[in-house]
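Only one structure is covered here, and it is reproduced in the block below.
The values are calculated or read from the model by the stated rules, or taken from the named source; none is laboratory data. All values derive from a computational prediction rather than experimental measurement. Methodologically, a virtual Cβ is constructed for each residue, glycine included, from the backbone with ideal geometry; neighbour enumeration extends over all protein chains shown.
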Amino acid sequence: MWPSVTNRATLRSSPMPDFARTRLLLEKGLAENHWTGFSLAISFRKTLYSFVGGNVPSAEASVCWLSAGKPVTSVGILRLLEQKPELWHLPMEATLPDLRGSYAGGLDLLSILTHRTGLRHADLDLTAAKATLFEILAGSTPDKCQLRAGQPAYDPRGGWWILHQWLERNAGMPWQDFLSREVLHPSGAGGMFFASSDREADVPMDEWKGGRWHPAPAVQGRGNLCGSASALARFYLTLLSGEILQPDSLIKFSRRWREGEKDATFGHTLDFGLGIILDSNRYGASTVPYGFGTRSSDRTFGHGGARSSVAFADPETNLAAAIWLNGQVPENKHQPRMRGILDLMREELT
């Protein structure tokens, strides 16, 4: 059980929601060309609601969650640390000799998981050979990324690639296999997978360019988590129930390790747990990027995917949700549209 979780018996009784207005808003977005498809799953009061539309053919169809899948890696790392706690404080070079003597080799798990490395690699080509990627990362320094050492700056690719190699070396198997066995299957999300050249999501992603929709480059999804919204919501629901992580690990996962610091990538103050974004409405509910709506509780945690998705859990209400919009648009359009959907969804819960 989640520590100090709200007792269901203390919640005000109300009819079960049908999310009619949320569904109407999603359909309206399709009609007005704000997105080309959607997949939404909500777990509330032991009931799972699932809605799809547009070019998402069914609730079981797999979509690409991009960075919204990062918490799966974080949970996998914590699972491994439960077996090998001595790894927590060691620098990356202790596991990855390919980084020995480099700035990246001196980083530890905490700095990477909280995006306080002073590095960011938004355009790192993850299809390159492993040796090439190690060479690039071994040569990376904060000044080359126009950052200071330890400066908070969200790194969408480089840090997580290093974490995957760390997992692989310490688990003794491919990181995808470890995360599937230790995290996805135990959480009821066994149908989820990590995109590769051999397998991609059922629904290709679209992006807005030049005034119309275009297929997004498939390569951007390589290594990213794919699956249904329902499966990702179940992952968060299982986290809330305490079935994946030991109590101490769960507390460690959602602790505010990075608090009150402005993120150089997002240009906004955001709080981070271990590989998760924590509710940051205290810094501006109507402006915080990749938040969970203006109505989320202070204990809400989760992660968003670039200009397309978000998944999260709220321990105060035992709510877990995942929403994916097919159609990457500029940040100044994506953040308000997602915030509006999440706020309406929350309104229908009461």
Q: Can you tell me which residue within the stretch 10-43, out of those that are under 22 Å from residue 250 (Cβ atoms) and at pLDDT below 50, is surrounded by the most Cβ atoms within 10 Å (Cβ to Cβ)?
A: 11
**Q.** Close pairs from the stretch 83-112: first in contact (Cβ under 8 Å) with a residue 60 or more places away in the chain, partner small (Gly, Ala, Ser) and buried (at least 19 other Cβ atoms within 10 Å of the Cβ), Cβ under 6 Å, at least 6 apart
**A.** 92/105; 99/105
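Report whether or not residue 266 is assigned to a loop (DSSP other than H, G, I, E, B) and touching a residue at least 60 places away in the same chain (Cβ under 8 Å). Give the steps one after another, and end with the answer.
On the way: assigned to a loop (DSSP other than H, G, I, E, B): yes; touching a residue at least 60 places away in the same chain (Cβ under 8 Å): yes.
Yes; evaluated as a whole, the condition is true for this residue.
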**Q.** Selection within the stretch 140-164 - surrounded by fewer than 21 Cβ atoms within 10 Å (Cβ to Cβ) and in contact with a Lys or Arg (Cβ under 8 Å, 6 or more places away or on another chain)
**A.** 142, 145, 147, 150, 151, 154, 156
Q | Residue satisfying condition, being at pLDDT 95 or above, assigned to a strand (DSSP E or B) and either crowded, with 24+ Cβ neighbours inside 10 Å or not acidic (Asp, Glu) (or both), within set 313, 285 | A | 313
Q. Tally time: how many residues in the stretch 57-68 are in contact (Cβ under 8 Å) with a residue 12 or more places away in the chain and surrounded by fewer than 24 Cβ atoms within 10 Å (Cβ to Cβ)?
A. 6
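If you take the residues in the stretch 69-93 that are charged (D, E, K, R) and over 17 Å from residue 251 (Cα atoms), which one is surrounded by the fewest Cβ atoms within 10 Å (Cβ to Cβ)? Steps first, answer last, please.
Filtering the stretch 69-93 down to residues charged (D, E, K, R) leaves 70, 79, 82, 84, 86, 93.
Next, from what is left, pick out any that are over 17 Å from residue 251 (Cα atoms): 70, 84, 86, 93.
Details: 70: 24, 84: 11, 86: 8, 93: 17.
The residue in question is 86.
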